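To start, the structure under review is shown below, and the notes come after it.
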Amino acid sequence: MPRDDGGNFVENALVKIPVENLGRIAKSQQKAVVKELEIVSSALSDLRKGRGGKEVALAEITRLVGRIQGLKRKLAALDDEEEESVRSAEWRLEQLKQNGDSAAASPPPSSSDPREGPNAGSSFAAKWGRQRLDRAIAEHLAREGLLGTAQEMVAQSSLERLVDLQPFLASHPIIEALSVGDCALALKWCHTNRPKLKKLKSSLEFNLRLQEFVELVRGEKLEEAIAYARKHLAPLARGPSLLSVKRHMALLVLRKDTEMQPYKHLLDQERWLDLVRQFRKEVCLLNSLPAQSLLSLSLCAGLTCLKSTKCQEEPNASSACPVCHPLLGQLATALPFAHHMHSSLVCHISGLLMDENNPPMVLPNGQVYSTQAMLDLAAANMGRVVCPRTKEEFGLEELRKAFIS
């Protein structure tokens, strides 16, 4: 990957979404034109054959003119949407270019604000860093269904041209329907996007059909369930899907109160949550968004770089360590440990690195802390140091400097 001090390598979705929208609009235009031309051509062919009288021909031509005018209005609306997508893509590319140029020309950072990134010396880079963080938070909120909060944040931070909330706004009613056990809107969405879902080898529609079958069994509507399976499940019962269909068909015999696994799991209400999660994932894939939000990816990457085998251990937990934080620690649980060629010693009290400028000091009880932390404790306690772990008290003269080899 080429050097990019501005961090633009994480902005793939920022540019790709408007480009994907252009592709979608082009296909919609082509589909609308082809459909109407086929209808008009067929109608004109019938008119040439002289079917019907003059009044019939006049009425048919009037109808065709109305259809063409409707097509014109539809294409005009798509043209406006296309222009907006082009402007959005151009504006975002220009912003990325300015960020890259300012990163290359900016002096070393002088700010400690983590939102300003590595190029805080540039006012544009600092603004871009703040916008990037705000965008990541807004997108994460939208992914989690907190659309009102996300919209408010976008409005307050003036991010309307940088945050794409439309995919999440469009999918929200479908998620709400799935949450209350209704597959109708989700199946309609699958039908509309079937070509793309087929390319992605998505199993969402299949899983939705299985869930509708399960609900019929749960409602003791066995005859309807059999008819539903013949119509919707039989055509899909191929390859790996065949075993799943067979297991679900066994529910017709075992019924809804079975305790036998894995059939009991098929009747679990938690499967609706699985469908919601899968639907959200498919929406992101169809809109060229990563499966995880940029905020989540950034946090995971940062926590992985900091995580050590001593993190979250009660005696060694540091208040300054993000991995040891109660909330961030939950996110870091499944992450791998950082691989460092050389060990780093971090003070349990201050969270600062212990090195030649801040050497480690050993207390008589064997505990090790940084020199600066010991001096601060002694200054606040009349020259005496109280060990935070054992509560023992020592004088500064009793401490010994530790040398790292």
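Which count do you get for residues in region 149-185 that are open to solvent by less than 50 Å² (accessible area, probe 1.4 Å), over 19 Å from VAL276 (Cα atoms) and either touching a Phe, Trp or Tyr at 6+ places or on another chain (Cβ under 7 Å) or part of a helix (DSSP H, G or I) (or both)? Talk me through it step by step, then tell me what you get.
First, the residues of region 149-185 that are open to solvent by less than 50 Å² (accessible area, probe 1.4 Å): 150, 153-154, 157, 159, 162-165, 167-168, 171, 174-175, 177-178, 181, 183.
Filter once more, keeping what is over 19 Å from VAL276 (Cα atoms): 150, 153-154, 157, 159, 162-164.
Those left that are additionally either touching a Phe, Trp or Tyr at 6+ places or on another chain (Cβ under 7 Å) or part of a helix (DSSP H, G or I) (or both): 150, 153-154.
Here the count works out to 3.
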key: Residue list for region 348-376, filter: hydrophobic (A, V, I, L, M, F, W, C) and more than 20 Å from PRO322 (Cβ to Cβ)   = MET361, VAL362, LEU363, VAL368, MET374, LEU375
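Quick grid of which residues meet (1) closer than 26 Å to HIS342 by Cα; (2) assigned to a helix (DSSP H, G or I); (3) β-branched (Val, Ile, Thr):
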| position | (1), (2), (3) |
| --- | --- |
| MET361 | yes, no, no |
| ASN365 | no, no, no |
| TYR369 | yes, no, no |
| MET374 | yes, yes, no |
| VAL385 | no, no, yes |
| ARG389 | no, no, no |
| ILE404 | yes, no, yes |
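Please work out if GLN261 is of a type in the set (S, T, N, Q), touching a residue at least 24 places away in the same chain (Cβ under 8 Å) and either assigned to a helix (DSSP H, G or I) or over 30 Å from LEU162 (Cβ atoms) (or both). Full working, then the answer.
Numbers: of a type in the set (S, T, N, Q): yes; touching a residue at least 24 places away in the same chain (Cβ under 8 Å): no; either assigned to a helix (DSSP H, G or I) or over 30 Å from LEU162 (Cβ atoms) (or both): yes.
No.
Would it be correct to say that ARG271 is surrounded by 11 or more Cβ atoms within 10 Å (Cβ to Cβ) and within 30 Å of ARG143 (Cα to Cα)? Write out each step before concluding.
Working: surrounded by 11 or more Cβ atoms within 10 Å (Cβ to Cβ): yes; within 30 Å of ARG143 (Cα to Cα): yes.
Spelling it out, ARG271 is indeed surrounded by 11 or more Cβ atoms within 10 Å (Cβ to Cβ) and within 30 Å of ARG143 (Cα to Cα).
Have a look at LEU299, LEU295 and point out the one that is surrounded by 14 or more Cβ atoms within 10 Å (Cβ to Cβ), closer than 30 Å to LEU169 by Cβ, touching a residue at least 60 places away in the same chain (Cβ under 8 Å) and under 29 Å from the mean Cα position of the chain (by Cα). Let's see the steps before the verdict.
Working: LEU299 fails: touching a residue at least 60 places away in the same chain (Cβ under 8 Å).
It is LEU295.
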note = Of the conditions (1) modelled with pLDDT under 75; (2) among the small types (Gly, Ala, Ser); (3) surrounded by fewer than 17 Cβ atoms within 10 Å (Cβ to Cβ), the single one that SER45 does not satisfy is (1)
ask   = Which of the following residues is of a type in the set (Gly, Ala, Ser) and open to solvent by 50 Å² or more (accessible area, probe 1.4 Å): SER350, SER344?
value = SER344
query = Regarding GLU116, is this residue surrounded by 12 or more Cβ atoms within 10 Å (Cβ to Cβ) and at pLDDT below 70?
reply = yes
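Hey, among the residues in region 216-235 that are in a helix (DSSP H, G or I) and surrounded by fewer than 13 Cβ atoms within 10 Å (Cβ to Cβ), which one's farthest from the chain's Cα centre (by Cα)? It would help to see each step written out before you state the result.
Restricting attention to region 216-235, the residues satisfying the condition of being in a helix (DSSP H, G or I) are 216-218, 222-235.
Adding the requirement that they be surrounded by fewer than 13 Cβ atoms within 10 Å (Cβ to Cβ) leaves 223, 227, 230-231, 234-235.
Working: GLU223: 41, ALA227: 38, ARG230: 36, LYS231: 35, ALA234: 34, PRO235: 33 Å.
Among residues in region 216-235 that are in a helix (DSSP H, G or I) and surrounded by fewer than 13 Cβ atoms within 10 Å (Cβ to Cβ), the one farthest from the chain's Cα centre (by Cα) is GLU223.
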request  = Looking at (1) charged (D, E, K, R); (2) at pLDDT below 85; (3) farther than 19 Å from ILE404 by Cα, find the lone condition where LYS310 falls short.
outcome  = (3)
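Working only within region 274-285, note down all residues that are of a type in the set (A, V, I, L, M, F, W, C) and open to solvent by less than 20 Å² (accessible area, probe 1.4 Å).
Correct list: LEU275, VAL276, PHE279, VAL283, CYS284.
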task = Output the qualifying pairs, or none if there are none: Cβ atoms under 6 angstrom, residues six or more apart or on different chains, first residue in region 64-86 and in contact (Cβ under 8 Å) with a residue 60 or more places away in the chain and over 24 Å from SER41 (Cβ atoms), second residue open to solvent by less than 70 Å² (accessible area, probe 1.4 Å) and in a helix (DSSP H, G or I).
result = GLU81/ILE25; GLU82/ILE25; SER85/PRO18; SER85/ASN21; SER85/LEU22
ask   = Looking at region 325-350, which of its residues are touching a strand residue (DSSP E or B) at 6+ places or on another chain (Cβ under 9 Å), in a loop (DSSP other than H, G, I, E, B) and touching a residue at least 12 places away in the same chain (Cβ under 8 Å)?
value = LEU345, CYS347, HIS348, ILE349, SER350
request  = Quick one: in region 23-38, of everything that is of a type in the set (A, V, I, L, M, F, W, C) and loosely packed, with under 15 Cβ neighbours inside 10 Å, which residue is nearest to ASN287 (Cα to Cα)?
outcome  = ALA26
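For residues that are open to solvent by less than 100 Å² (accessible area, probe 1.4 Å) and under 36 Å from the mean Cα position of the chain (by Cα), scanning just region 244-259, find the one that is farthest from ASN207 (Cα to Cα). Write out each step before concluding.
Our first condition is that a residue be open to solvent by less than 100 Å² (accessible area, probe 1.4 Å); within region 244-259, this holds for 244-245, 248-252, 254-255, 258.
Retained after the next criterion (residues that are under 36 Å from the mean Cα position of the chain (by Cα)): 244-245, 248-249, 251.
Values: SER244: 10, VAL245: 10, HIS248: 11, MET249: 14, LEU251: 16 Å.
Per the criteria, the residue is LEU251.
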task = Filter region 201-215 down to the residues that are surrounded by 13 or more Cβ atoms within 10 Å (Cβ to Cβ) and not in a helix (DSSP H, G or I), then identify the one that is farthest from the chain's Cα centre (by Cα).
result = SER203
Every residue from region 149-169 that is charged (D, E, K, R) and either on the phi > 0 side of the Ramachandran plot or in contact with a helix residue (DSSP H, G or I) (Cβ under 8 Å, 6 or more places away or on another chain) (or both) = GLU160, ARG161, ASP164
key: Considering residues of region 76-96 that are open to solvent by less than 40 Å² (accessible area, probe 1.4 Å) and not polar (S, T, N, Q) only, the residue farthest from ALA126 (Cα to Cα)   = LEU78
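The values are calculated or read from the model by the stated rules, or taken from the named source; none is laboratory data. What you see is a predicted model; the values in this text were computed from it and never measured. Every residue, glycine as well, gets a Cβ built from its backbone with ideal geometry; the counts of neighbours run over all protein chains shown. The protein model used for the area step is the full one, side chains on, heavy atoms only, and it has no ligands, DNA or RNA in it. Shrake-Rupley method; radii C 1.70, N 1.55, O 1.52, S 1.80 Å.
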